[in-house]
Structures are given as C-alpha cells and as structure tokens.
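Everything on this sheet refers to the single structure shown next.
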Amino acid sequence: METIIEARNLGKRYRQKDAVHALSLSLPAGRACAFLGRNGAGKTTTIKMLAGLIRPDSGSCSLFGQDSQHLRPEDWQKTGYVSENQELYDWMTGEQLIAFTSKLYPSWDKPFEKELLEKLGIPLRRRVSFCSRGEKVKLALLLAMAFRPRLLILDEPFAGLDPLVRSEFLDTVLEITHQNDWSIFFSTHDVDDVEKLADDVVIIDEGRLQVSESLDSLQNRFRRIDLQGPHEPLMKTAAILGLERHADHSRFIHSAFNSETLATLEANHSEAHIDVSTISLKEIFIALAKNFQTENPRS
Amino acid sequence: MLPFTIQIQLGEPIYEQIVRAVKKAVATGQLLPGAQMPSVRVISRELSVNPNTVQKAISRLTDEGVLASHPGSGSFVAERGPSPRAERLSALKPLIEQLLVESAHHGLTADELLELIRQHHQRNYGNDH
C-alpha cells in the first residue's frame with residue numbers, strides 16, 4: 001500500500017532542548033491517524049516539519065514520497081492543512097475567501113463546497129476578522145476540504161470548539177473518508193473524539209515516540225484490573241501502570257493484557273476477586289502520560 | 001435510521017460493539033434472514049465512525065456467517081442453517097464458563113442461574129425459539 005506520510009529519525013532542537021527526537025512514523029493510504037501528546041510534547045513541531053513549514057535538524061520526512069522540504073504545488077493540491085491558529089485573510093468576507101481559494105485548486109468541488117457550507121453553517125457575508133473562533137476554524141476546514149484532498153493534516157482542530165460544532169466538524173472530516181483516496185493525520189487533546197475517527201494512534205512525549213499502533217490493538221492490550229479481598233502484594237512489572245492499593249483493594253492498569261495475564265493473576269492471587277474492565281483511549285492516554293512523568297520527571 | 005440498535009460506548013473497540021449489536025438484532029428478529037444490510041458508508045455516516053471500522057465489523061460478521069455478501073449488491077443477513085452442534089458448543093463454552101464463575105461469585109446456584117436466563121429470554125426474545 002502507498003505510504004502517504006513518512007518520517008525517519010526526525011529531530012528538531014530549540015536552544016538546548018530536543019523538541020522532537022529521532023521520531024519515525026508512517027501513514028498508509030486510507031487510514032486516519034491520531035497524534036496525541038501532552039502540551040509541549042512536540043506535536044505541532046512534528047506537524048510543521050511534515051508540512052515543510054520548518055526545517056528538521058536531523059532525519060527527514062515526506063508527503064506522497066516527496067521530501068517535505070521540497071513540496072511542489074501539485075503536492076499541496078492534494079493536501080488540506082488546518083492548524084490551531086490558522087491565518088486567514090481576515091479582511092475578506094467568507095464568500096470572498098472561498099472564491100479566492102477555489103481558484104488555486106483545479107480539483108475544487110463546487111457542490112461539495114455547498115454541502116460543507118450548509119453542514120457547517122458558516123457566515124458568508126461577514127468579514128473574517130469579525131467571525132468567532134469556531135466560525136474561523138470551520139471556514140479553515142471548508143477551505144482545506146472542498147478540493148477533496150487526498151491527505152488532511154489537522155493540528156488541534158477541535159481545540160476550543162463547543163460540543164455541537166465539534167460533532168459537526170467530526171462528521172465533516174469523516175466525509176473525506178468516503179472518497180477513494182484519503183488519509184488523515186490529526187493532533188488533538190479531545191481524545192474522546194479520536195475513538196470514532198482514528199484507525200491508528202501515535203503518542204509522543206518529550207519529543208519521543210511512546211506508542212504507534214492501531215487503535216484496536218491498543219484498546220485490546222489495556223485493561224483496568226481490580227483485586228478485592230485480602231491478597232499478597234502484586235509483583236510490579238513494566239506492564240503494570242498506576243498501581244494503587246487501599247487496604248484489601250488493589251487497582252492498576254495492565255498495558256500488555258491477554259488471556260494468560262488473567263490466568264497468571266488468578267493463579268497468584270486465588271484468594272482475591274479479580275475484575276477486568278476495558279478502558280477508554282482517554283484513560284489509556286492518561287495512564288501512559290502519568291507513567292512517563294514518574295519515570296522522566298521534568299526538571 | 002439503522003435496522004439495528006446501537007449506542008456506542010467509549011473504551012471497547014467500536015467494531016466489536018457493531019458486531020455485537022448486529023448479532024443481537026439478528027437474534028431478536030429485529031434483522032430477519034435475507035434482509036439487506038445498509039452499506040458501510042451509510043452505517044459510517046449514521047454512527048459518525050470511520051468506515052474502516054465498519055468494514056472490519058462487516059467482514060467479521062461475514063466470516064462468522066452472520067452476514068452473507070453478494071458481490072455487487074452488498075451484504076445480507078444470512079439464512080441460518082443450524083451450525084454443527086460441536087461448533088455451537090465451542091463458540092458458547094467460554095461464555096458459559098464466564099457466566100458460571102460470575103454467578104458463583106454472587107452466590108447463585110446453577111438452578112437460579114438457569115431460571116434467570118429463562119426469564120431474561122422470555123422478556124427479551126419471546127418464547128418462540
């Protein structure tokens with residue numbers, strides 16, 4: 001399958017600090033990848049390098065096999081990009097901005113533009129500078145999608161949007177997945193929305209890759225486990241995260257759960273009642289971030 | 001409107017939730033054998049989930065014989081021939097095991113468990129099969 005985004009050993013330093021360190025990832029065609037990390041983890045820096053907006057200090061990255069530092073107009077005509085603080089020509093009205101942008105893309109789809117306008121409810125006759133943040137984000141999304149890009153890169157698109165707008169936004173982004181050739185790479189803090197949209201999840205912390213796998217496999221290997229009743233202390237292993245114990249109740253998150261895990265637990269703690277439950281991506285993310293924080297305290 | 005009932009819960013893989021919802025609709029007669037399934041695109045739109053996820057659920061259901069796919073015309077609810085007894089047993093055994101363990105933990109006897117199952121079945125699935 002064609003690789004749409006590829007990064008090899010990507011690195012960027014700001015002053016003495018590694019913003020991104022030896023980061024490698026790839027996104028095949030036809031998949032949506034969620035890019036997660038705490039504030040300052042290096043998400044925006046990575047995305048800007050992918051989009052060729054800043055130069056990596058080491059390693060390289062490409063879109064459609066073309067080095068990000070040398071993207072050609074035809075590569076941009078296949079790529080929709082919405083950043084957190086999108087700069088729009090704010091002296092134009094929405095209508096003027098759409099008319100202007102549509103001229104830049106041979107593949108601009110007028111009926112799709114109308115559909116997006118209707119769905120997102122964007123004010124057309126108001127100057128962009130007078131639009132609310134949500135309206136600007138929706139306008140930026142329309143401009144990034146109406147030419148039916150093969151690749152949609154979204155940097156924190158949901159930030160600051162109210163739940164209704166967020167759900168419209170999510171539905172709109174999913175529209176792209178109904179065409180033949182599509183890929184989505186998006187960073188976000190609204191992890192709950194990710195579960196519906198993402199095929200793959202990439203998590204970085206302090207500029208380093210923590211997780212890169214399919215959402216299904218990630219959800220299948222994380223379980224919350226509760227042991228109730230008198231029991232021996234648990235053996236701490238690398239797979240056990242956030243172990244807490246209050247009297248006769250131990251609770252932790254197991255990050256490499258399978259059928260053997262339960263059998264072993266039952267054998268070692270036959271006296272306790274063991275509960276196993278699935279957890280949301282948000283809980284997985286929090287468990288990983290906390291664990292990372294304990295192991296790598298920030299100075 | 002989809003011909004099966006589903007409320008997506010975060011935490012569990014969504015394709016597994018779709019698989020279970022469709023199986024339940026077939027078991028309760030909400031989806032009848034031979035009924036046409038909506039397309040991947042329609043389900044994906046309706047649930048606001050990635051079509052790859054829906055496709056994965058449909059493939060799983062087809063592999064398990066719940067749905068049958070007719071090339072060019074989509075997926076249908078399969079006519080259910082009785083599966084071999086051994087196969088049925090092996091599919092249910094882990095669930096029965098789990099049920100027995102859980103009821104033992106709650107101090108239920110096997111008879112009480114059977115009675116609960118019978119009641120649940122009558123309430124939710126009628127008593128005609």
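The values are calculated or read from the model by the stated rules, or taken from the named source; none is laboratory data. Note that the coordinates shown come from a computational prediction; the quantities given were computed from them, not determined experimentally. Positions of Cβ are generated from backbone atoms using ideal geometry, with glycine treated the same way; all protein chains shown enter the neighbour counts.
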Could we say that residue A:174 is more than 20 Å from the chain's Cα centre (by Cα) and not basic (Lys, Arg) here? no
Name the pairs whose Cβ atoms lie under 8 Å apart, with the first residue in segment A:162-189 and within 11 Å of chain B (Cβ to nearest Cβ), the second of a type in the set (Val, Ile, Thr) and in a helix (DSSP H, G or I), and 6 or more positions between them or separate chains? A:169/A:137; A:182/A:176; A:184/A:173; A:184/A:176
Segment B:56-77, residues that are polar (S, T, N, Q) and away from chain A (no Cβ under 14 Å): B:62, B:69, B:73, B:75
Please work out if residue A:286 is without any contact (Cβ under 8 Å) to a residue 12 or more places away in the chain, touching a helix residue (DSSP H, G or I) at 6+ places or on another chain (Cβ under 9 Å) and of a type outside the set (Ser, Thr, Tyr). yes
Options A:59, A:30; residue that is touching a strand residue (DSSP E or B) at 6+ places or on another chain (Cβ under 7 Å), touching a residue at least 40 places away in the same chain (Cβ under 8 Å) and assigned to a loop (DSSP other than H, G, I, E, B): A:30
Can you tell me which residues in segment A:213-241 are more than 30 Å from residue A:27 (Cβ to Cβ) and not charged (D, E, K, R)? A:225, A:227, A:228, A:229, A:230, A:231, A:233, A:234, A:235, A:237, A:240
Residue by residue through segment B:1-55, note down the ones that are within 14 Å of chain A (Cβ to nearest Cβ), more than 21 Å from residue A:33 (Cβ to Cβ) and among the small types (Gly, Ala, Ser). B:39
In segment A:20-41, what residues are over 22 Å from residue A:214 (Cβ atoms) and crowded, with 22+ Cβ neighbours inside 10 Å? A:20
Here are some residues: A:95, A:87. Which one is touching a residue at least 12 places away in the same chain (Cβ under 8 Å) and among the acidic types (Asp, Glu)? A:95
Which residue, of A:238, A:267, A:263, is in a helix (DSSP H, G or I), more than 14 Å from every other protein chain (Cβ to nearest Cβ) and modelled with pLDDT under 90? A:267
Criterion (assigned to a strand (DSSP E or B) and over 18 Å from residue B:48 (Cα atoms)) met by exactly one of A:225, A:184: A:225
Quick one: is residue A:66 within 23 Å of residue A:184 (Cα to Cα), touching a residue at least 40 places away in the same chain (Cβ under 8 Å) and either under 24 Å from the mean Cα position of the chain (by Cα) or not assigned by TED's automatic domain parsing to the domain that holds residue A:181 (or both)? no
Scanning segment A:107-161 residue by residue, those surrounded by fewer than 18 Cβ atoms within 10 Å (Cβ to Cβ) and among the aliphatic types (A, V, I, L, M) turn out to be A:124, A:159
Qualifying residue in segment A:281-293 (condition: surrounded by fewer than 16 Cβ atoms within 10 Å (Cβ to Cβ) and not assigned by TED's automatic domain parsing to the domain that holds residue A:24): yes
Identify the residue in segment A:190-211 that is away from chain B (no Cβ under 14 Å) and acidic (Asp, Glu) and, among all such residues, is farthest from residue A:173 (Cα to Cα). A:206
